[in-house]
Amino acid sequence: MPPPAPNSPPRRTRSFGRAGLTPWLHLAPALAVLAALLVYPIYQLGLISFLEYTQAQVSGGAATSFQGFGNYATLFSDGQFWSVLLATLVFAAACVLCTLVAGCALAVLLTRVRALPRLALMLAALGAWATPAITGSTVWMFLFDPDFGPVNRVLGLGGHSWTYGRYSAFLLVLLEVVWCSFPFVMITVYAGIRAIPGEVLEAAALDGASQWRIWRAVMVPMLRPILTVVTIQSVIWDFKVFTQIYVMTNGGGIAGQNLVLNVYAYQKAFASSQYSLGSAIGVVMLVILLVVTLVYVRLLRRRGEEL
(Lines give C-alpha, C1' and ligand atoms only; values in the text may rest on other atoms or scores of the structure.)
Protein backbone atom coordinates (compact mmCIF):
# COMPACT_ATOMS: atom_id res chain seq x y z
CA MET A 1 0.00 0.00 0.00
CA PRO A 2 1.56 3.38 -1.07
CA PRO A 3 2.24 5.92 1.68
CA PRO A 4 -0.17 8.88 1.91
CA ALA A 5 0.82 12.09 0.18
CA PRO A 6 1.97 14.84 2.55
CA ASN A 7 -0.61 17.58 3.16
CA SER A 8 1.85 20.35 4.06
CA PRO A 9 4.83 21.67 2.03
CA PRO A 10 8.16 20.32 3.10
CA ARG A 11 9.90 22.27 5.82
CA ARG A 12 13.05 22.45 3.65
CA THR A 13 11.37 24.93 1.29
CA ARG A 14 10.49 27.34 4.11
CA SER A 15 13.90 27.09 5.70
CA PHE A 16 15.54 27.68 2.29
CA GLY A 17 13.44 30.81 1.89
CA ARG A 18 14.61 32.17 5.20
CA ALA A 19 18.18 31.17 4.43
CA GLY A 20 17.98 32.95 1.08
CA LEU A 21 16.68 36.11 2.72
CA THR A 22 19.29 36.24 5.47
CA PRO A 23 22.23 37.39 3.28
CA TRP A 24 20.12 40.25 1.91
CA LEU A 25 19.23 41.35 5.45
CA HIS A 26 22.94 41.45 6.32
CA LEU A 27 23.71 43.36 3.12
CA ALA A 28 20.86 45.84 3.57
CA PRO A 29 22.86 48.51 5.50
CA ALA A 30 25.69 48.43 2.96
CA LEU A 31 23.22 48.54 0.06
CA ALA A 32 21.47 51.53 1.65
CA VAL A 33 24.78 53.39 1.93
CA LEU A 34 25.71 52.53 -1.66
CA ALA A 35 22.31 53.68 -2.87
CA ALA A 36 22.73 57.02 -1.09
CA LEU A 37 26.32 57.56 -2.22
CA LEU A 38 26.22 56.10 -5.75
CA VAL A 39 22.75 55.52 -7.15
CA TYR A 40 21.28 58.92 -6.32
CA PRO A 41 24.25 60.95 -7.70
CA ILE A 42 24.19 58.82 -10.87
CA TYR A 43 20.46 59.46 -11.17
CA GLN A 44 21.03 63.22 -10.83
CA LEU A 45 23.87 63.06 -13.36
CA GLY A 46 21.64 61.33 -15.89
CA LEU A 47 18.73 63.67 -15.20
CA ILE A 48 20.78 66.86 -15.73
CA SER A 49 22.18 65.46 -18.97
CA PHE A 50 18.64 65.56 -20.40
CA LEU A 51 17.97 69.15 -19.30
CA GLU A 52 19.02 72.61 -20.38
CA TYR A 53 21.03 73.50 -17.31
CA THR A 54 23.41 76.46 -17.56
CA GLN A 55 24.27 79.42 -15.34
CA ALA A 56 20.92 80.99 -16.24
CA GLN A 57 19.01 78.03 -14.75
CA VAL A 58 21.31 77.86 -11.71
CA SER A 59 20.80 81.55 -10.89
CA GLY A 60 17.04 81.32 -11.47
CA GLY A 61 17.06 83.63 -14.49
CA ALA A 62 15.53 81.04 -16.79
CA ALA A 63 13.35 77.98 -16.38
CA THR A 64 14.81 74.50 -16.69
CA SER A 65 13.57 72.76 -19.82
CA PHE A 66 13.72 69.14 -20.98
CA GLN A 67 16.05 68.69 -23.97
CA GLY A 68 15.74 64.96 -24.53
CA PHE A 69 18.87 63.73 -26.31
CA GLY A 70 19.72 67.25 -27.48
CA ASN A 71 22.79 67.53 -25.25
CA TYR A 72 24.06 64.17 -26.49
CA ALA A 73 23.48 65.23 -30.11
CA THR A 74 25.46 68.41 -29.47
CA LEU A 75 28.23 66.43 -27.80
CA PHE A 76 28.49 63.77 -30.52
CA SER A 77 28.58 66.44 -33.27
CA ASP A 78 31.54 68.13 -31.58
CA GLY A 79 34.80 67.11 -33.25
CA GLN A 80 36.83 67.98 -30.16
CA PHE A 81 34.86 65.43 -28.12
CA TRP A 82 35.91 62.57 -30.42
CA SER A 83 39.51 63.76 -30.40
CA VAL A 84 39.53 63.90 -26.60
CA LEU A 85 37.81 60.50 -26.37
CA LEU A 86 40.47 58.90 -28.60
CA ALA A 87 43.28 60.51 -26.58
CA THR A 88 41.67 59.30 -23.35
CA LEU A 89 41.36 55.70 -24.57
CA VAL A 90 44.97 55.56 -25.81
CA PHE A 91 46.35 57.27 -22.69
CA ALA A 92 44.35 55.02 -20.32
CA ALA A 93 45.41 51.87 -22.20
CA ALA A 94 49.09 52.88 -22.02
CA CYS A 95 48.78 53.66 -18.29
CA VAL A 96 47.07 50.33 -17.54
CA LEU A 97 49.64 48.34 -19.54
CA CYS A 98 52.64 50.08 -17.95
CA THR A 99 51.13 49.81 -14.46
CA LEU A 100 50.47 46.08 -14.80
CA VAL A 101 53.94 45.37 -16.23
CA ALA A 102 55.71 47.40 -13.52
CA GLY A 103 53.54 46.03 -10.71
CA CYS A 104 53.87 42.38 -11.75
CA ALA A 105 57.64 42.66 -12.37
CA LEU A 106 58.22 44.19 -8.94
CA ALA A 107 55.92 41.60 -7.31
CA VAL A 108 58.10 38.83 -8.74
CA LEU A 109 61.19 40.75 -7.61
CA LEU A 110 59.81 40.85 -4.06
CA THR A 111 59.76 37.05 -4.01
CA ARG A 112 63.45 36.86 -5.02
CA VAL A 113 65.10 39.33 -2.64
CA ARG A 114 65.90 39.08 1.04
CA ALA A 115 63.80 40.47 3.84
CA LEU A 116 65.53 43.85 4.22
CA PRO A 117 65.46 44.89 0.51
CA ARG A 118 61.89 43.59 0.33
CA LEU A 119 60.87 45.73 3.28
CA ALA A 120 62.59 48.79 1.78
CA LEU A 121 60.88 48.28 -1.58
CA MET A 122 57.47 47.82 0.01
CA LEU A 123 57.89 50.94 2.17
CA ALA A 124 58.95 52.97 -0.88
CA ALA A 125 55.96 51.68 -2.85
CA LEU A 126 53.56 52.40 0.00
CA GLY A 127 54.99 55.91 0.24
CA ALA A 128 54.29 56.51 -3.43
CA TRP A 129 50.81 55.04 -3.04
CA ALA A 130 49.98 57.18 -0.01
CA THR A 131 51.14 60.41 -1.61
CA PRO A 132 48.20 62.59 -2.68
CA ALA A 133 47.92 62.99 -6.44
CA ILE A 134 48.35 66.76 -6.33
CA THR A 135 51.50 66.44 -4.20
CA GLY A 136 52.98 63.76 -6.43
CA SER A 137 52.19 65.82 -9.54
CA THR A 138 53.96 68.85 -8.05
CA VAL A 139 57.03 66.78 -7.16
CA TRP A 140 57.21 65.33 -10.68
CA MET A 141 56.85 68.82 -12.14
CA PHE A 142 59.85 69.92 -10.07
CA LEU A 143 61.90 66.88 -11.16
CA PHE A 144 61.26 67.71 -14.85
CA ASP A 145 61.39 71.50 -14.48
CA PRO A 146 63.22 73.04 -17.48
CA ASP A 147 65.28 75.42 -15.29
CA PHE A 148 65.84 73.72 -11.95
CA GLY A 149 64.83 70.07 -12.51
CA PRO A 150 67.52 67.43 -11.86
CA VAL A 151 66.31 65.25 -14.77
CA ASN A 152 67.23 67.83 -17.41
CA ARG A 153 70.63 68.35 -15.76
CA VAL A 154 71.39 64.63 -15.70
CA LEU A 155 70.25 64.13 -19.28
CA GLY A 156 71.89 67.35 -20.47
CA LEU A 157 68.67 68.70 -21.99
CA GLY A 158 69.19 72.30 -20.87
CA GLY A 159 65.93 74.23 -20.81
CA HIS A 160 63.80 71.56 -22.50
CA SER A 161 60.14 71.85 -21.49
CA TRP A 162 58.48 68.46 -21.07
CA THR A 163 55.01 69.97 -20.93
CA TYR A 164 55.25 71.97 -24.16
CA GLY A 165 54.93 69.10 -26.62
CA ARG A 166 51.79 66.99 -26.63
CA TYR A 167 53.42 63.56 -26.46
CA SER A 168 56.16 64.54 -23.98
CA ALA A 169 53.49 66.01 -21.71
CA PHE A 170 51.40 62.83 -21.93
CA LEU A 171 54.57 60.80 -21.21
CA LEU A 172 55.32 62.87 -18.13
CA VAL A 173 51.77 62.42 -16.82
CA LEU A 174 51.90 58.69 -17.62
CA LEU A 175 55.06 58.29 -15.53
CA GLU A 176 53.41 59.99 -12.58
CA VAL A 177 50.23 57.92 -12.92
CA VAL A 178 52.21 54.67 -13.08
CA TRP A 179 54.36 55.78 -10.12
CA CYS A 180 51.34 56.23 -7.87
CA SER A 181 49.39 53.23 -9.23
CA PHE A 182 51.86 50.34 -9.44
CA PRO A 183 52.03 49.72 -5.64
CA PHE A 184 48.43 48.46 -5.62
CA VAL A 185 49.23 45.96 -8.38
CA MET A 186 52.57 45.00 -6.85
CA ILE A 187 51.24 44.26 -3.37
CA THR A 188 48.11 42.47 -4.60
CA VAL A 189 50.03 40.25 -7.04
CA TYR A 190 52.74 39.60 -4.46
CA ALA A 191 50.10 38.36 -2.00
CA GLY A 192 48.72 36.11 -4.74
CA ILE A 193 52.18 34.69 -5.54
CA ARG A 194 52.80 33.92 -1.88
CA ALA A 195 49.54 31.96 -1.80
CA ILE A 196 50.67 29.62 -4.60
CA PRO A 197 51.81 26.28 -3.13
CA GLY A 198 55.59 25.98 -3.27
CA GLU A 199 55.29 22.35 -4.40
CA VAL A 200 53.73 23.47 -7.68
CA LEU A 201 56.60 25.84 -8.49
CA GLU A 202 59.19 23.25 -7.42
CA ALA A 203 57.60 20.62 -9.64
CA ALA A 204 57.67 22.99 -12.62
CA ALA A 205 61.34 23.80 -11.94
CA LEU A 206 62.22 20.10 -11.66
CA ASP A 207 60.55 19.52 -15.03
CA GLY A 208 63.04 21.95 -16.55
CA ALA A 209 60.70 24.91 -17.05
CA SER A 210 62.41 28.29 -17.34
CA GLN A 211 61.44 31.16 -15.06
CA TRP A 212 59.50 32.83 -17.87
CA ARG A 213 57.63 29.58 -18.61
CA ILE A 214 56.85 29.10 -14.91
CA TRP A 215 55.42 32.63 -14.80
CA ARG A 216 53.42 32.27 -18.04
CA ALA A 217 52.20 28.66 -17.74
CA VAL A 218 51.88 28.19 -13.98
CA MET A 219 51.65 31.46 -12.10
CA VAL A 220 49.55 33.55 -14.49
CA PRO A 221 46.67 30.99 -14.69
CA MET A 222 46.62 30.72 -10.90
CA LEU A 223 46.78 34.50 -10.52
CA ARG A 224 44.14 35.22 -13.17
CA PRO A 225 41.33 36.17 -10.71
CA ILE A 226 43.70 38.62 -9.00
CA LEU A 227 44.94 39.97 -12.33
CA THR A 228 41.32 40.46 -13.41
CA VAL A 229 40.58 42.57 -10.35
CA VAL A 230 43.70 44.74 -10.64
CA THR A 231 43.16 45.18 -14.39
CA ILE A 232 39.57 46.35 -13.98
CA GLN A 233 40.57 48.61 -11.10
CA SER A 234 43.43 50.10 -13.13
CA VAL A 235 41.14 50.70 -16.12
CA ILE A 236 38.67 52.57 -13.92
CA TRP A 237 41.38 54.65 -12.22
CA ASP A 238 43.35 55.52 -15.36
CA PHE A 239 40.27 56.31 -17.44
CA LYS A 240 39.25 58.90 -14.83
CA VAL A 241 42.62 60.62 -14.42
CA PHE A 242 42.02 64.26 -13.58
CA THR A 243 44.42 65.72 -11.03
CA GLN A 244 47.65 64.77 -12.82
CA ILE A 245 46.48 66.16 -16.17
CA TYR A 246 45.04 69.30 -14.61
CA VAL A 247 48.12 70.08 -12.49
CA MET A 248 50.94 68.99 -14.78
CA THR A 249 49.54 70.41 -18.04
CA ASN A 250 47.84 73.44 -16.49
CA GLY A 251 44.32 72.32 -17.29
CA GLY A 252 44.84 70.35 -20.50
CA GLY A 253 47.99 71.66 -22.16
CA ILE A 254 48.48 74.26 -24.88
CA ALA A 255 45.21 74.70 -26.84
CA GLY A 256 43.78 71.66 -25.04
CA GLN A 257 46.24 69.25 -26.66
CA ASN A 258 46.43 67.12 -23.49
CA LEU A 259 42.76 67.04 -22.60
CA VAL A 260 41.19 63.81 -21.33
CA LEU A 261 37.47 63.25 -20.83
CA ASN A 262 37.45 64.03 -17.11
CA VAL A 263 39.16 67.41 -17.58
CA TYR A 264 37.06 68.08 -20.67
CA ALA A 265 33.87 67.48 -18.66
CA TYR A 266 35.15 69.80 -15.92
CA GLN A 267 35.85 72.56 -18.44
CA LYS A 268 32.41 72.20 -20.02
CA ALA A 269 30.58 72.10 -16.70
CA PHE A 270 32.42 74.67 -14.61
CA ALA A 271 34.55 76.80 -16.94
CA SER A 272 31.79 77.21 -19.57
CA SER A 273 28.82 76.77 -17.17
CA GLN A 274 27.36 74.11 -19.49
CA TYR A 275 26.43 71.74 -16.71
CA SER A 276 24.18 69.59 -18.87
CA LEU A 277 26.96 68.97 -21.41
CA GLY A 278 29.37 68.13 -18.58
CA SER A 279 26.81 65.67 -17.21
CA ALA A 280 26.40 64.10 -20.65
CA ILE A 281 30.17 63.54 -20.81
CA GLY A 282 30.01 61.94 -17.36
CA VAL A 283 27.25 59.58 -18.49
CA VAL A 284 29.28 58.61 -21.59
CA MET A 285 32.29 57.83 -19.36
CA LEU A 286 30.13 55.73 -17.05
CA VAL A 287 28.71 53.73 -19.97
CA ILE A 288 32.18 53.15 -21.47
CA LEU A 289 33.57 51.85 -18.17
CA LEU A 290 30.57 49.56 -17.63
CA VAL A 291 30.86 48.15 -21.16
CA VAL A 292 34.62 47.57 -20.85
CA THR A 293 34.21 45.85 -17.48
CA LEU A 294 31.29 43.65 -18.60
CA VAL A 295 33.00 42.63 -21.84
CA TYR A 296 36.22 41.75 -20.02
CA VAL A 297 34.42 39.68 -17.38
CA ARG A 298 32.32 37.96 -20.05
CA LEU A 299 35.41 37.02 -22.06
CA LEU A 300 36.98 35.49 -18.97
CA ARG A 301 33.86 33.48 -18.18
CA ARG A 302 33.75 32.17 -21.75
CA ARG A 303 37.22 30.78 -21.15
CA GLY A 304 35.91 29.01 -18.06
CA GLU A 305 37.69 31.25 -15.58
CA GLU A 306 36.18 31.69 -12.12
CA LEU A 307 36.24 35.21 -10.67
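The values are calculated or read from the model by the stated rules, or taken from the named source; none is laboratory data. Please read all numbers here as calculations on a predicted model, not as lab measurements. A quick note on method: Cβ atoms are made from the backbone with ideal geometry, for glycine too, and the neighbour counts reach across all protein chains shown. These area figures cover heavy atoms from the full protein model, side chains too; ligands, DNA and RNA do not enter into them. Shrake-Rupley method; radii C 1.70, N 1.55, O 1.52, S 1.80 Å.
Of the peptides 106-114, 31-39, the order by per-residue mean of other Cβ atoms within 10 Å, starting with the highest, comes out as 106-114, 31-39. Computed from the Cβ-Cβ distance with R0 of 51 Å, the FRET efficiency linking Val220 to Ala63 stands at 0.30. Taking 0.36 nm per residue of sequence separation and removing the Cα-Cα distance, the Trp82/Phe242 pair yields an extension gain of 55.8 nm. The protection proxy used here, the mean number of other Cβ atoms lying within 10 Å of each residue, ranks peptides 195-205, 50-60 as follows, highest first: 50-60, 195-205.
Once both labels are positioned 7 Å from their Cα atoms along Cα-to-Cβ, the gap between Asn250 and Arg118 label points is 4.7 nm.
Projected label points at Val108 and Val33, each 7 Å from Cα along the beta carbon direction, are separated by 3.9 nanometres. Of the residues Ala169, Ala63, Ala128, the one that moves most in a GNM of the chain with alpha-carbon contacts below 10 Å is Ala63. Taking the square roots of five times each eigenvalue of the Cα gyration tensor of region 10-143, the equivalent ellipsoid has semi-axes of 40, 35, 17 Å, listed largest first.
Using only the alpha-carbon atoms of the chain as identical scatterers, what base-10 log of I(q)/I(0) does the Debye formula give at q = 0.09, 0.12 Å⁻¹? Scattering profile of the chain, log10 relative to I(0): -0.66, -1.02. For the chain, with all protein chains in place and a probe radius of 1.4 Å, 68% of the accessible heavy-atom surface sits on carbon or sulfur. Other residues within the sphere of radius under 14 Å centred on the Cβ of Val292, judged by their own Cβ, net out at +1 (K and R +1, D and E -1). GNM, the chain, Cα, under 10 Å: largest mean-square fluctuation among Trp162, Trp215, Trp140? Comparing Trp162, Trp215, Trp140 in the GNM, the peak value goes to Trp215. Scalar couplings 3J(HN,Hα) for region 262-275, obtained by applying the Karplus form with A = 6.51, B = -1.76, C = 1.60 to θ = phi - 60°, are 5, 5, 4, 5, 5, 5, 5, 6, 10, 7, 9, 6, 9, 5 Hz; x denotes Gly and Pro.
Scanning residues 5 or more positions from Leu51 or on other chains, those with amide H under 5 Å from its amide H are Gln67, with H placed 1.01 Å from N in the peptide plane.
Between Leu155 and Gln257, the FRET efficiency estimated from the beta carbon spacing at R0 = 30 angstrom works out to 0.80.
Pairs of Cα atoms nearer than 8 Å and 6+ residues apart set the relative contact order; for the chain it is 25 percent. Relative to one another, the C-alpha centroids of region 80-103 and region 129-206 are positioned 15 Å apart. Count the net charge of all other residues whose Cβ sits under 13 Å from the Cβ of Gln244, scoring Lys and Arg as +1 and Asp and Glu as -1. Local net charge: -1. Phi angles across region 164-172 convert, under the Karplus curve 6.51 cos²θ - 1.76 cosθ + 1.60 with θ = phi - 60°, into 3J(HN,Hα) values of 7, x, 5, 6, 5, 5, 5, 5, 5 Hz, Gly and Pro given as x. Karplus-derived 3J(HN,Hα) values for region 77-84, using 6.51 cos²θ - 1.76 cosθ + 1.60 with θ = phi - 60°, are 8, 8, x, 5, 4, 5, 5, 5 Hz; glycine and proline are entered as x. Please name which of Thr231, Cys98, Val151 has its Cα lying farthest along the dipole of the chain towards the positive end, using unit charges on Cβ (Lys, Arg +1; Asp, Glu -1) and the Cα centre as origin. Selected residue: Thr231. Each Cα pair of region 111-216 feeds into the Kirkwood radius, which the Stokes-Einstein equation turns, at 25 °C and 0.890 mPa s, into a diffusion coefficient of 146 µm²/s.
For every other residue with a beta carbon closer than 13 angstrom to the beta carbon of Ile187, add +1 if it is Lys or Arg and -1 if Asp or Glu, then tell me the sum. Overall, the nearby charge balance is +2.
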